[in-house]
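> Input: one structure, supplied below.
The values are calculated or read from the model by the stated rules, or taken from the named source; none is laboratory data. If you're wondering where the values come from, they're calculated on a predicted model, not measured in any experiment. Every residue, glycine as well, gets a Cβ built from its backbone with ideal geometry; the counts of neighbours run over all protein chains shown. Quick note on the areas: whole protein, heavy atoms, side chains included, nothing else; ligands and nucleic acids left out. Shrake-Rupley method; radii C 1.70, N 1.55, O 1.52, S 1.80 Å.
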Amino acid sequence: QVQLVESGGGLVQAGGSLRLSCAASGRSFSSSAMGWFRQAPGKEREAVAAISRSGAFTYYADSVKGRFTISRDNVKTTVYLQMSSLVPEDTAVYYCAAKHVVSNYVPTWGYEFWGQGTQVTVSS
């Protein structure tokens, strides 16, 4: 089992920045790929960013490329999502997720463990 706790959400004006954190405990963090997902009201959950277990490989949704950066600290067992140039369309509940992997790749589906989510609201 992996327990995930997100923090860092909140209300920000368009053009602003936020950094989300996800603290992991339990099963080996360094054996897990990590992802950030979001779900806006009335929409399906979507993958925003993901990072391989070593941190060498990343994935970004087209809508956030160049604005969001995912990173991880395997010593602190924490994954981060730095969000910049936020727009109202980024408003959603953001979820951290973990997937145990046997190789160093970046999955965008099939995540096994999820956090409770943190609300991000971007005002225009």
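> With the condition kept exactly as written, say whether any residue in region 37-50 is outside any loop (DSSP other than H, G, I, E, B), polar (S, T, N, Q) and open to solvent by 70 Å² or more (accessible area, probe 1.4 Å).
No - not one qualifying residue is present in region 37-50.
> I've got another one for you. If Arg72 passes every condition in (1) basic (Lys, Arg); (2) farther than 17 Å from Val122 by Cβ; (3) at pLDDT 95 or above; (4) open to solvent by 60 Å² or more (accessible area, probe 1.4 Å) but one, which one does it miss?
Only one criterion in (1) basic (Lys, Arg); (2) farther than 17 Å from Val122 by Cβ; (3) at pLDDT 95 or above; (4) open to solvent by 60 Å² or more (accessible area, probe 1.4 Å) is unmet by Arg72, namely (4).
> Give region 47-67 a look and list any residue that's among the polar types (S, T, N, Q) and within 18 Å of Thr78 (Cβ to Cβ), or say none.
Once the filter is applied, which keeps residues that are among the polar types (S, T, N, Q) and within 18 Å of Thr78 (Cβ to Cβ), region 47-67 yields Ser52, Ser54, Thr58.
> Now for a separate question. Are any of the residues in region 85-97 more than 13 Å from the chain's Cα centre (by Cα) and among the small types (Gly, Ala, Ser)?
The answer is yes; a qualifying residue exists.
> Considering only residues of region 6-34 that are in contact with a Lys or Arg (Cβ under 7 Å, 6 or more places away or on another chain) and open to solvent by less than 50 Å² (accessible area, probe 1.4 Å), which is farthest from Asn74 (Cα to Cα)?
Among those that are in contact with a Lys or Arg (Cβ under 7 Å, 6 or more places away or on another chain) and open to solvent by less than 50 Å² (accessible area, probe 1.4 Å), it is Gly8.
> Could you check Gly66 against (1) more than 23 Å from Gln3 (Cα to Cα); (2) in a strand (DSSP E or B) and say which number it fails?
That leaves (2) as the condition not met.
> Ok, one more. Scan region 39-64 and report the pairs whose first residue is under 16 Å from Pro88 (Cα atoms) and whose second residue is open to solvent by 70 Å² or more (accessible area, probe 1.4 Å), with Cβ atoms within less than 7 Å and a gap of 6+ or a chain change.
Taking only residues 6 or more apart or on different chains, the pairs are Gln39/Arg45.
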